[in-house]
Amino acid sequence: IVASLGFFPNPDGYSFPNYGDGPDSDLTVDDMVYIYGADKVCKTTSPCVLTAAAEAWRLAWIDLVKGGHCAGMAMSSLLIFDRADLTPATYQGGANVTYDLTKANVRRLIALYATTQMRTPVNRTGLTGNVTAYGASSVLNTLISNFNTSSPADRYRMGFVKADGTGGHAVTPYAVEQRGADEYWIYVYDN
């Protein structure tokens, strides 16, 4: 192993699989304010009423995630793993590891981080858009460098996209093993 986060699918991933339903409660007005800021999405405040553009984006996102919440599962599991101020018990009393969490108790967290798969840039620190590392060597070097840093500020998910852009999947890379002179394996948590 040439680089590792110390993350393992069990106990640091979720015990439930990727899911595709997207109820309206997955992305609320409060979530939109958290992501973009009230000044960007509210036409009125107290309470916030979303602008037409913000509501259209929210509804488009809810429709998009009917294909799956893989990006949110990949990023939110890393968030719980990396941040000392968030523990599984933050989301579910009595939960000691992420694997203990039920979907019902982390659904909004997963949905929030699933928004990072959209091309629209987000403003909130920690909710970044797409990280760009393309090609085997670039991805490998980016992951090795990231895994060997003690700063969890920018952890990465790996995305696989169909050539025509009509779909894809996101996973959580957590270790790199050198298997030969020019052969490396990237270990992933596949939700």
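Quick notes on this one:
- Kirkwood radius, the range 38-100, all distinct C-alpha pairs, inverse of mean reciprocal distance: 14.4 Å.
- As a ratio to 2.2 N^0.38 Å, the alpha-carbon radius of gyration computed for the chain takes the value 1.07.
- Straight-line reach from Lys43: taking Cα to Cα under 28 Å and skipping same-chain neighbours fewer than 8 places apart, the lysines in range are Lys66.
- Inter-label distance, Asp154 to Lys66: 3.6 nm, where each label sits 7 Å from its Cα along the C-beta direction.
- With the highest mean first, a sort of the peptides 184-190, 9-15 on other beta-carbon atoms found within 10 angstrom per residue produces 9-15, 184-190.
- Converting phi to 3J(HN,Hα) with the Karplus coefficients 6.51, -1.76 and 1.60 and the offset θ = phi - 60°, the range 29-43 yields 4, 4, 5, 4, 5, 4, 6, 9, x, 4, 5, 9, 10, 9, 8 Hz in sequence order, with x at every glycine or proline.
- Accessible surface of the chain, 1.4 Å probe, proportion on carbon and sulfur as whole %: 53 percent
- Accessible area in the full protein assembly, largest first, 1.4 Å probe, for Lys43, Lys103: Lys43, Lys103
- Compactness index (Cα Rg / 2.2 N^0.38 Å), the range 1-63: 1.63
- If R0 is taken as 22 Å, the Cβ-Cβ distance between Asn105 and Leu59 corresponds to a FRET efficiency of 0.35.
- Taking a ≥ b ≥ c as the square roots of the eigenvalues of the alpha carbon gyration tensor, the range 146-191 is oblate, as a/c is not under 1.5 and a/b does not beat b/c.
- Computed from label points 7 Å out along Cα-Cβ, the spacing between Asp30 and Asn10 is 3.3 nm.
- Computed from Cα atoms, the angle from the helix 52-64 axis to the main principal axis of the chain rounds to 40 degrees.
- FRET efficiency, Val161 to Ser138 (Cβ-Cβ, R0 22 Å, nearest 0.05): 0.90
- Most tightly packed first, judged by the mean number of other beta-carbon atoms within 10 Å of their residues, the peptides 67-78, 91-102 read 67-78, 91-102.
The values are calculated or read from the model by the stated rules, or taken from the named source; none is laboratory data. Source: prediction; values computed, not measured. We place every Cβ from the backbone using ideal geometry, glycine too, and count neighbours over all the protein chains shown. Accessible surface is based on the protein model in full, side chains and every heavy atom, while ligands, DNA and RNA are left aside. Shrake-Rupley method; radii C 1.70, N 1.55, O 1.52, S 1.80 Å.
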